[in-house]
Each structure stands twice: as C-alpha cells, then as structure tokens.
1. Just how far, in whole angstrom, is the range A:1-80 from the range A:82-147 if you go by their alpha carbon centroids?
2. Given labels modelled 7 Å from the Cα in the Cβ direction, how far is it in nm from residue A:81 to residue A:197?
3. Alpha carbons only, please: Rg and Dmax for the range A:205-283, in angstrom.
4. Can you compute the FRET efficiency between residue B:8 and residue B:201 using 1/(1 + (r/R0)^6), with r the Cβ-Cβ distance and R0 = 41 Å? Round to the nearest 0.05.
5. Between residue A:116 and residue A:268, what is the spin-label point distance in nm, taking each point 7 Å from the Cα along the Cα→C-beta axis?
6. Could you work out, for the range B:138-262, what percent of all Cα-Cα pairs fall into each 5 Å distance bin, beginning at 0 Å and stopping at the bin that holds the largest distance?
7. Ignoring solvent entirely, what values of log10 I(q)/I(0) come out of the Debye formula for the range A:247-375 at 0.19 Å⁻¹ when each Cα is a single scatterer?
8. For residue B:55 and residue A:322, what does the FRET efficiency come to when R0 = 41 Å and r is the distance between their Cβ atoms, rounded to the nearest 0.05?
C-alpha cells in the first residue's frame, strides 16, 4: 500500500503552488470577495497561458492526459487558496462535452474561444420549481422553422451575467416519460428575450435567475439528439471532475487554531479537542476523495465513492463551522470589514458558506440515496 | 498511490479471516463471555505466529499487523492479540528476554503503585508498565484482580507493582512506552474499524430482510440515510487506520498524530455505527441472543480503556503543536 499521490501529482502540486504565488494576487481575491463572483478574467488568461484550461482532458481530446491523482493535487491547491476556478470549470466542462459529442460547426465555434479564455458558459439545469429532480425541467423548447423557441426560467445560473452561453436542459416532448422528453442546448445569452436577474446568497456569492421569453435558438445550438438530453447530461457529469470539498475545512481549522494559539484559548480542553477533531475530519475527507480518484485511475468500480466523499466532507464542514463559532464565542460573530473580526471574519463567513455546500452539486439526501442503493445495496427509499 | 493490499498482505488477511471464521463464530464469542478469553483460539493464534510476526525482524510491519487487527475486530475475537503484539515489540526494543509467557501492556501509566483496567490483565502472565519514568515487567500472579466490564474484556486491576523488574529508566523508558501506546492506538483503531464494518453489514442485512408497513425497513429514508452516513464514516475509519499504520514505516514524522486521529475517529465511528445497527433491529437488538449487542458493547470499550475520543483529539492538537 502507498498513501502518497505519487511523483507526478506532487510535481504538479509544486507547479500549481508556484503558479498561484505568482498569479493569485490579493487584489484578485479581494475583487472576487467584493463582487461575489468566482471568476477573474486576468486569472483565467494566466491559467490559459500556463496551458491548464484543458486540465483533465485526454490527449485524444486535445489535453495533457493527466491522471486522476494529478487532478487531485491540482484541485487541492487551487481550492485551498480559493482561486477563482468556478467559471473556468463550467466553461471548460461544457467545452469538453462539445469536443466529445458536438457537431463540427459547434466545435469550430466554441472550442477555440474556450481555449483562449474568451467565453464563459454557465449551467442551466435547476429551475424555480425543480432542483435535485433535474429531469423534471419544465422550460419548453418548441420547434420553430430552423430552430427552437424557448420559454421558461432557470434558477442558480451562476455567472450568467458575465457569460456568453447557458448550457440548458429543456423539455422538447411533454408527452413521454420525463427523462425521455429532454434536449440540451447551448443558448447564446445575447438573444432577445433573455433576462438575467441577480440573486444574492447568504455566503455573499452572487448567482442569478435567468428568464427566457420567446427566445429563438438556431438548431445548430442543439447539443446531442432531440429528446436525448438525459444521455448528454450523463456524459456531462462523467466529464465533471470530482469537486474538492475539504479545502474549506483546512481554511477553517487553520484560522481556528491560529486564533486559539494567539488568544491563549488552546488551554481550553474543549477547544483543543475540537481543533484535533477538525484536523482528523479533514484527514478523513482527504482520504475519501483521494480514494475515489484512485479507484477511477485503477478502473475500479467507483460508483458511490464520490458521493461518500462529498457527503462526509460537507456535512462535517457544517458541524465544524457551527461548533467553532460556539467555542470562539461572541467575537466570532464579527464579520470581515470589522477591524477586530476574529481571523478576518473567516469563521463567521464559513458558517454562511458551509450551509451551501450540503445543497449544491447534489444535496446530502441525493448522496445518501446513491450510497444506500449503490454501495449498501438497499432498496430505493422514500 | 495504491490502496489495495498486495498479494502477500491479502494472503495474510485471508489466513486470519479463515482462522477466525472457524474459531471465532459469534456463538463462540458469546460463549467466551464474560471472561472474554477463548484459550483454544489464543493457542491457535500463537501457533500460527500472531505474536512472532509482530517482532522487529519478522518482515511484517505495522501495516500488516493492522490488516490482521481489522479481521480480529470484525470477528470480535476473544483473544489478547493486540496487547501481546505491542508488548512483544516493546520488550524486544528495551532488550527484554523473549519468552513463552503471555505479556501484555498496561496502556495507562501506573499511579500510586497500581495499574488499573490493564487490557488482558486477567489472562496474561506479565504486564509491561510505566511507573513514573521506570518501565517495569510485573508478574501478574497474585497481583491482578479481574474487573467485570461493559465489553466483557479480560481487564484487571494490578496492585503492588513495586516487585516488578526494571527494564529501562528515564527518558528512553518513557519514549519507548509512548511509542508502544501509539502502536496500540493504531492496531486498536484498525480493530474498531473492522468491528464497525461488520456491524454495518449486520445492520444492512437486517433492514433488507425485516419489513414494516409492507416495506423493507431499508426502503425508509429515516433508516437508509443514516446507514449511508455510517458507510462513509466506516470507510473513512478504515482508510485512516491503514494510513496511520503505513506511516509508521513510511512517514514516521506523522505517525503519532495519525495514531491519535485514527483511534479517536475509529472509536467514534464504531460507537455510532453499532448504535444505529442495533437500533434498527428494534427490540431484537436489545436481546442477548442477537450478536449486534456484543458489537455495541465492545465498540464502547476497546479504545476507552486508554482514552475517550475527545482525549484522542486533544492529543492530535498537542502532538501537532509539539512538532
């Protein structure tokens, strides 16, 4: 057995740290914090210039063919430093999908711009009336001449206000079972009838609700077969790299421990125990995520392993944030911006941020369903 | 990265699993209560070299011992293997004479000439103990009093330790003792992770079989989702105990920290997993006839003879701060 990620992964980790030291300025981080937008054009160009936009793409798809363990090291460092990688991730994820199953025309139009960090693609799955049950999408796309007319709305279309396209799941056939009547489109956002409205969240992140009122989309922007949207979605999620949800734990416990040492509260047994437990949970979260990547790299059955990692790391992050706030006491309530805020408001912010992590990218309940059925072999539960 | 046991390790796992399947069925574990010692099983373990393999020149490292300890835990094997292994390693390190006597380790230092709740103290011939800064080898005959306890373990209080032989003194004695206790933490964590994995399997099998309101219990999210949480924790406990054991040889600078993490997390996970597995049995889980209660009681005992999870976690913080 060997618990090291390996030389290649550690080399990439070192390169990533050097890259971040050079390009992830305090100014960029401050800008992301102030706007609530996890994207920075200069940073994206730096990632492009480093050749890392296609991180995770196979050689045949035009990437470097990095293995899953290298991606883990890369993701750990990016996430640990809170680098603005979210819009890069959605854009390049959908570009990768188009590279795999788009038409020649779609590839010609999208891939060079994506590789040049010129465009942003947002995701449009969730709707006001459906979230976890993505196949229940009600936004309609109706054949009109050589294209489609779209009516409906999409919720949490993060970055839509700076994006060029929304990758959308829309209903093209309401008369068949719900998974069979869906089609995916890359909807250009400069079309008449598109409206983007800001949605502010508890953690300060800005997201959007987008409305589509008789929006015309040419058929050339349809991705995959008509009514074949669910198959496209499965491919999209397959290419999505397992997200790293434990870096927040690291940031939180580092701040907590620093505070405890500086304030003398490390002598409090409850504080010392919670710090040790947080470090332990961070270690376990790291192991569960690395295990999922390792299993994928070995071609083993990894079904459910990503869910175990996501469930454990986000549920424990929430507990850590709340218990840390209790132990720090009233001063922990002070937010960033207040000069006396504990650790620049890191703990206060994590109480806000952590709640979101057990909801997005598949709620804890969805992860538990997957684990129950695919790991434990339990029946479908209600 | 390679998280799979290699061929030799798998052979070792299979050999011990086979032995336990033959000699440590839940009926036999139950029959060995309340003393918690099955002499026939122990003889077999000694015969296949379970103690010898722990010695420094055997070719096996702590990771191999941990893989065996997982199986030991899965079967709730009523034999003092982990204590005997750790004691044999400590004895060898301080230049003690190897012998056929069963030697255990008092994992907590003696206080006022007395060592309490010594694991395997009720069945061992000798115990290694730390008294101040002296490492003693204390013959137990006439000194040990068995203690009835939650986990039906062969625990004993040991009095009058002054007559023991002094094996080492000063800082070397203390650091050798502490290193041995860290090894005990890791092997006990591995055993607890095996116990928790077995308890989860028992609980899952039960909720697939048993129906209520015309459905298997496992079709209710109030049941299934709590078991899904436990599944993630059980896998995490196993990975962490294995990582700690691996670090003993490969990343020794992290060993003490990982050992404390592993014990704290495995003890919490085993307690929580057995709680749910028993609870979902309903009233049957409370009956002595059902094995799950044996897992429930041991989950709360194996690590607790040394420290609570909160104490393990405080140690994590202390060790990190000292590094």
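Since every read-out is calculated from the coordinates, none of them should be taken as a lab result. None of the values given here were measured: they were computed from a predicted structure. Every residue, glycine among them, receives a Cβ derived from its backbone with ideal geometry; neighbour counts consider all protein chains shown.
1. So the separation of the two Cα centres works out to 21 Å.
2. 3.9 nm
3. 23.5, 66
4. Computed FRET efficiency for residue B:8 and residue B:201 comes out at 0.95.
5. Label-label distance for residue A:116 and residue A:268, simple model: 5.6 nm.
6. Answer for the range B:138-262: a P(r) of 2, 9, 12, 12, 13, 13, 13, 9, 6, 5, 3, 2, 1, 0 percent.
7. Scattering profile of the range A:247-375, log10 relative to I(0): -0.99.
8. Once the sixth-power term is evaluated, E becomes 0.30.
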